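Reviewing the structure listed below.
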Amino acid sequence: MTSSRRVQDRSKNKRIHHLEIVKEKWKILSKVLFLMEVIKEETEMVIPVRSLYQYRKQINLPKPHKVTDFIEKCPKLFELYKDQRGALWCGMTKEAEDLLEEEERLIEEQSVKAVEYVTRILMMSVDKRIQLDKIAHFRRDFGLPVEFRNKWVNQYPQHFRVVKSKDGVEFLELVNWNPAWAITELEKKALGLNDGIGREPGVLSLPFPLKFPPNYKKVYRHGGKIEHFQKRSYLSPYADARELKAGSLEFDKRAVAVMHELLSFTIEKRLVTDHLTHFRRELVMPQKLMRLLLKHFGIFYVSERGKRFSVFLTEAYDGSELIEKCPLVSWKEKVLSFVGYRGKKKKIPTFSDLSDMEERDIIEEKDIIEGDTETENICAEFEEEEVMDDLETVSLINDDELEISHVSNAYKAICRFGTWKTASSVIWDLILNKKTQFNKGKYLERNESGESET
């Protein structure tokens, strides 16, 4: 269908702009999800920023770009703190922690489907077993949990089990063949079959759905190549393919069917091409897999964005949107909505500042117990938040010296909203923190009648 042997040699008319947008979108999200998983593995879910620099390669952040710049673009998901020594630490916000809990719940709900897909991959393999490390590459694509290798694979002994070879390599081996699962996704859609019908895999003659860019001229239709390919029968991906000759027409079309089936299993109908190449021997696919993907351009689309190429199942997309969205895809879109920030950079708080704020809250709670009404307490808390915001703005004016006019302006702003009890303590904290020399005998004071005194 195309003479291109490399993705870079492909004609611009063969590019699908909408799918390139999808690749760019998920490329950003993969970096965010990776950082969330790294922080989640920490004991207190907090990690030194210094330790994050070892993951530059995983998040594709070359020098001189800083990890902190990437983190500050997601203030709704990540928070930065400084300890008393000035070292930076990174943690997750409450929204990010809630999102991780939601992901765990969704993965648990989708576990039945994930078990089916893993079992069907084993059924398509030649020896009915695949190396465990290779399946782990598909963890996020199939919606598998983080503890896939250590815990999840041992929870379904009726379908598969973990075995070790003489070299100590772990394999996931099929336990029971399920005839109801030996039906391709293409058969289910074309013939209306469901999982409850058992069928012996054999020769198929179903055409593959094709979708091309709107501006692509289908000149090759005159040669009849596409019609000949669609009418050619092929062996089911679940049938034994050891007798097929590599390079034959039947061998290539079965390889297309296997890749179509694998992409149908994924939640995004997309895979990294490197992951597909790991299964050449187990799933009986050609060595030059990229050439086969480019050749059948109407069935698959290969995106070259990023360091690794990705292959899409074109029939699953309507523009840049998936036609059938899995709940985990909707969850990823929800996470992506929290990414991106173009406002003013916020001041990074220190652990000591946080502890001071906690002590002040405790003092206020004691005052509440002594007899203030509930309405006054709520107002006081809101007023103090306004005061702290005003003081943060003042503190950014000059880091070296605090002028008298700054204190006066801050005090006037405080008097508009706060009480003297709050204002005096905050002003003195501001003065002492800036180490400005004042005569402590002269300071602003407000009496009970509301008049200001010196």
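How large, in Å, is the range 62-221 by the Kirkwood hydrodynamic radius built from its alpha-carbon pairs?
Details: mean 1/r = 0.0493 Å⁻¹.
One over the average 1/r among Cα pairs gives 20.3 Å for the range 62-221.
Using only the Cα atoms, work out Rg/Rh for the range 24-143, with Rh taken as the Kirkwood radius, to two decimals. Let's see the in-between values first.
On the way: Rg = 17.6 Å, Rh = 16.6 Å.
Ratio of gyration radius to Kirkwood radius: 1.06.
What whole-number volume per residue, in cubic angstrom, does the convex hull of the C-alpha atoms of the range 129-181 give? Kindly include the intermediate steps, with their values, before the conclusion.
Details: hull volume 4.7 nm³, N = 53.
Considering the Cα atoms of the range 129-181, their hull volume per residue is 89 Å³.
Per-residue surface analysis assigns Ser111 an accessible area of about 10 Å², computed on protein heavy atoms at 1.4 Å probe radius. Annotation: peptides 330-339, 129-138, ranked by per-residue average of other Cβ atoms within 10 Å with the highest first, follow the order 129-138, 330-339. Using heavy atoms of the protein chains and a probe of 1.4 Å, the accessible area assigned to Trp26 is about 20 Å². Centroid-to-centroid, using Cα positions, the range 59-88 and the range 111-164 are 35 Å apart. Taking Phe171, Phe34 and ordering them by how much accessible surface each has at a 1.4 Å probe, largest first, produces Phe34, Phe171. When Lys295, Lys23 are compared by accessible surface with a 1.4 Å probe, the order from highest to lowest is Lys295, Lys23. Among the GluC sites (Glu not before Pro) in the range 12-64, those located in a DSSP loop and surrounded by at most 11 other Cβ atoms within 10 Å of their own Cβ are Glu41, Glu44. The H on the amide N of Met92, modeled in the peptide plane, is under 5 Å from the matching H of Glu79, each at least 5 residues off or on a different chain.
Rank these residues by their accessible area, most exposed first, probe 1.4 Å: Arg254, Arg280, Arg242. Mind dumping the intermediate values first?
Working: Arg254 5, Arg280 65, Arg242 135 Å².
Accessible-area ranking of Arg254, Arg280, Arg242, largest first: Arg242, Arg280, Arg254.
How large is the accessible surface of Cys74 in square angstrom, using a 1.4 angstrom probe and rounding to the nearest 10? Using a 1.4 Å probe on the heavy atoms, I get roughly 0 Å².
Please work out the FRET efficiency for the pair Gln230 and Lys134, using the Cβ-Cβ distance as r and a Förster radius of 25 Å; give the result to the nearest 0.05.
Working: r = 31 Å, r/R0 = 1.25.
So the FRET efficiency works out to roughly 0.20.
Sparsely packed loop sites in the range 52-159 (the GluC sites (Glu not before Pro) outside DSSP H, G, I, E and B with at most 13 other Cβ atoms within 10 Å) comprise Glu147.
The values are calculated or read from the model by the stated rules, or taken from the named source; none is laboratory data. It should be emphasised that the depicted structure is a prediction, and the values quoted were computed from it without experimental measurement. Glycine also receives a Cβ, built like all others from the backbone with ideal geometry; neighbour counts cover every protein chain displayed. We work out accessible area using only protein heavy atoms, side chains counted, and drop any ligands, DNA or RNA first. Shrake-Rupley method; radii C 1.70, N 1.55, O 1.52, S 1.80 Å.
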